[in-house]
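Everything below concerns the one structure shown next.
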Amino acid sequence: MNIINFIKNSSMALILLLVLFTSCNKLNVDALPIANPGNPSGNTLAQTLAATADDSLYNRLLIRSGILTATPATITDANLRFTMFVPNNTAMRSYLTALTQGGIPTGSPDALYSSFITSANMPQAAAQAFVSYNIVPQAITTSSFPTSFPNWQYATILNPAPALSALLRLTTFPSKRSTGTWVNNVPLVAVDAVASNGIIHHTATLITPPQQSLWGRISTDADMTYFKAAIQRADSGVAAASSLQGALDNIGANLTTFVPTDSAMRAALTGLIAQGLIAQGVPPATALAQAGALAATPAVFSNPLLYTSLTPTLVKGIAVYHILGTRAFTVNFPTTAANFPTLLNTAVPLHPGVGLQSTFTGPVVSAATVKGAANATASVVLINPVTTSDQNATNGVLHKINQVLLPQ
């Protein structure tokens, strides 16, 4: 059964509706009660960080952000409850050395790091965004972290576009498994420190807020040009408001997208086109050469000669098979392969979805795979949190893979 027959009787509008308005993740918006916070009359979160020598650099970031003197008060208010994800001095030093590309060398005195934080090199708006993204307006101990797939998403206090909506918030994703405890894909190195008005968890690095949507990431990456063209082909004749591109650009979505590299897309298209030519009686060697030429650029999706083969329905079916309706970092993949639904499952509920698996070295993922139902072998997630895996966007997370996922 080919993919066209597989989905032709299904409504793709259902898929887009899922993308735009629902998520398998639970958005936890109610404050979770914490066991009587140790000493209610003791130090607030702000006072605790100010008094902790190993948090001195992050405290400088708090000061720089202006949050300590902002109105209305947040972490300075003993009557409110918050959770903070805080990098200690070691983590802050490492982050700032990387941020300055070695301009602050490893081993520099803390005075140099502090000077950078409080100077124009760290704009107040940036410091405010960093700090706000690491504050959740409820008290969450690790006993409340989800231990199964998918994670909950917790709203932070960072509104990335107040002009769009005063209620808009970026979210983070705390999780706990037998292999570790994280927020997003960043390990927690110390947890559950109690202040009078909340909880502090220490992170392995500073967790920065996402800057662009999934579509913004896909449409500007030089190694995702085929997948970009595939999305555009899938959207042929579709109104922008109902398009896949619109869904991947929608800040209200919460998705995981597996994007094959250009070479993976080119190889899959060459094989698909060659099979079609052979079925028409073209000799295999000639068919393969012709297919390679046709698939040589992303323009293959806009080639009129292939319109009857690479139809919008076919391409859309394959594209949505690369998208989960929930955000999954590689640390959330199971260590034993298990299947999870994709957006294709809204049209074909009994489809097995894709198989996910991660291999851990300590709390860090050292290898990960995703397997399509018709793939002979699993696709490899290209592990590199900086450029290819765990790319956190405003509306989801993106992983590059080395094969096209085949649903049937």
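Read the figures in this text as sums done on the coordinates, not as results from a lab. Worth saying up front: this structure is predicted, and the values here are computed from it rather than measured. Every residue, glycine as well, gets a Cβ built from its backbone with ideal geometry; the counts of neighbours run over all protein chains shown.
Where in the chain are the helices, taken as whole DSSP H runs, whose Cα atoms extend 20 angstrom or more along the long axis and whose Kyte-Doolittle mean reaches at least 1.0?
For the chain, where a helix must reach 20 Å along its axis and average at least 1.0, there are no hits.
Just to be sure I understand: of the beta bridges DSSP finds with both ends in the stretch 26-203, what percent are antiparallel, rounded to 5?
Beta bridges within the stretch 26-203, antiparallel portion: roughly 60 percent.
Taking the Cα centre of each part, how many Å lie between the stretch 120-147 and the stretch 238-316?
40 Å
Putting +1 on Lys and Arg Cβ atoms and -1 on Asp and Glu Cβ atoms, find which of Thr97, Leu80, Ala267 reaches farthest to the positive end of the dipole of the chain.
Checking the options against the dipole of the chain, the answer is Ala267.
Where both partners of a DSSP beta bridge lie in the chain, what percent of those bridges are antiparallel, to the nearest 5?
Around 70 percent antiparallel, to the nearest 5.
Need the full-extension length gain, Leu350 to Leu305, defined as separation in residues times 0.36 nm minus the C-alpha distance. One decimal, nm.
Values: separation 45, 0.36 × 45 = 16.20 nm, distance 3.40 nm.
Once the chain is fully extended between Leu350 and Leu305, it gains 12.8 nm.
Just need the relative contact order of the stretch 171-219 here, percent rounded to a whole number, with Cα pairs under 8 Å and 6+ apart.
Numbers: 45 pairs, mean separation 10.8, N = 49.
Value for the stretch 171-219: 22 percent.
Percent of alpha carbon pairs in the chain separated by more than 42 Å? Can you show the working numbers first?
Details: 16871 of 83028 pairs.
Roughly 20 percent, rounded to a whole number.
Taking the highest mean first, how do the peptides 272-284, 208-220, 78-90 order by number of other beta carbon atoms within 10 angstrom per residue?
Working: 272-284: 14.7, 208-220: 18.1, 78-90: 20.5.
Descending mean neighbour count gives 78-90, 208-220, 272-284.
What number, in percent, do you get for the relative contact order of the chain if the mean sequence gap of Cα pairs under 8 Å and at least 6 apart is divided by its residue count?
Relative contact order for the chain comes out at 19 percent.
Report, largest value first, the span of the C-alpha coordinates of the stretch 26-203 along each principal axis, in whole Å.
Principal axes ranked by extent give 41, 40, 39 Å for the Cα atoms.
Charges on Cβ only, +1 for Lys and Arg, -1 for Asp and Glu, centred on the Cα centroid of the chain; of Thr52, Ser143, Leu356, which one is farthest towards the dipole's positive end?
Result: Leu356.
Order of Leu170, Leu164 from fewest to most other C-beta atoms within 10 Å?
So the residues, fewest neighbours to most, are Leu164, Leu170.
Treating only the Cβ atoms of Lys and Arg (+1) and Asp and Glu (-1) as charged, compute the dipole magnitude of the stretch 26-203 about its Cα centre; round to the nearest 20 debye.
In debye, rounded to 20, the stretch 26-203 gives about 280.
Determine the dipole magnitude for the chain: charges of +1 sit on the beta-carbon of Lys and Arg, -1 on that of Asp and Glu, nothing else is charged, the reference point is the Cα centre, and the result goes in debye to the nearest 20.
500 debye
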